[in-house]
Amino acid sequence: MRFDKIIKIFQKYSVFKTLWAYIRIPHSRATSIIVAKDVIINLAKSARIQVLKGRFLIGESDASTRQRTRKTEITLANNAQLTLHGDVILYEGVGVRVTKGAKLSIGDHTYINRSASIDCTQEITIGDYCAISDNVQILDSDFHPITYNGKTSTRSKPVHIGNHVWIGRGVIILKGVTIGNGAIVGAGSVVTRDVPPGCLVAGNPARVIKENVEWE
């Protein structure tokens, strides 16, 4: 049984990519970094991923490598920063892109599920104990400035997600949004404004459905 488990581990994870991550990514002695075989990590020379503690698991999946349809990809441009503050899991197909000079921070015991994507052009912070479901999109930019009645909108605004936030399947979180601690965002919602702590929001655009909610 032990031998079979060892074989499965070598089939699922990449020894070469894991060793590369240990050399290239700053981390504490108490930290472990494990990289699956179908993971792509693109780091500019001045980009920086820092794992402060805990375990960083990249490309986790219950499916075999052959059964996966999308690769997990992390791309950091020049002077971009990705900081992990504890145990973080990126499941298969997750895409993380941090552009030049931008900062992405992910808290302890937070996981990002299959085929979710994060596009950070300025600043995105995700707190501790967050559950981010499949196909979620988090963006802090419109990517193109919009002019209306002679006024041009700000292209990028920071996104802040508090602690113990549950984001349902297929949610889109747009620029300038703050989601309070303990909040729940219903599946398929488009979040265009702040979400108060302890509230359940849903819809397009998302609005408060229930207050004083709790989840496990």
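Identify the residue in segment 145-174 that is basic (Lys, Arg) and more than 17 Å from ILE112 (Cα to Cα) and, among all such residues, is surrounded by the fewest Cβ atoms within 10 Å (Cβ to Cβ). Reasoning before the result, please.
Taking segment 145-174 first, the residues basic (Lys, Arg) are 151, 155, 157, 169.
Adding the requirement that they be more than 17 Å from ILE112 (Cα to Cα) leaves 151, 155, 157.
Numbers: LYS151: 7, ARG155: 15, LYS157: 16.
Result: LYS151.
Given the options HIS160, HIS164, name the one that is part of a strand (DSSP E or B) and either among the aromatic types (Phe, Trp, Tyr) or modelled with pLDDT of 95 or more (or both).
Within the list HIS160, HIS164, the selection yields HIS160.
Which residues, taken from segment 10-21, are part of a helix (DSSP H, G or I) and modelled with pLDDT under 75? Can you show your working first?
Just the residues of segment 10-21 that are part of a helix (DSSP H, G or I), to begin with: 10-12, 15-21.
If the condition is that a residue be part of a helix (DSSP H, G or I) and modelled with pLDDT under 75, then PHE10, GLN11, LYS12, VAL15, PHE16, TRP20 are the ones that fit.
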The one condition GLY170 fails out of (1) at negative phi; (2) small (Gly, Ala, Ser); (3) touching a residue at least 12 places away in the same chain (Cβ under 8 Å); (4) out of contact with any Leu (no Cβ under 8 Å at 6 or more places or on another chain) is (1)
Among the residues of segment 25-46, the number that are at pLDDT below 80, surrounded by 13 or more Cβ atoms within 10 Å (Cβ to Cβ) and charged (D, E, K, R) is 0
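The values are calculated or read from the model by the stated rules, or taken from the named source; none is laboratory data. Keep in mind that this is a model prediction, so the values were computed, not measured. Positions of Cβ are backbone-derived with ideal geometry, glycine not excepted, and every protein chain shown enters the neighbour counts.
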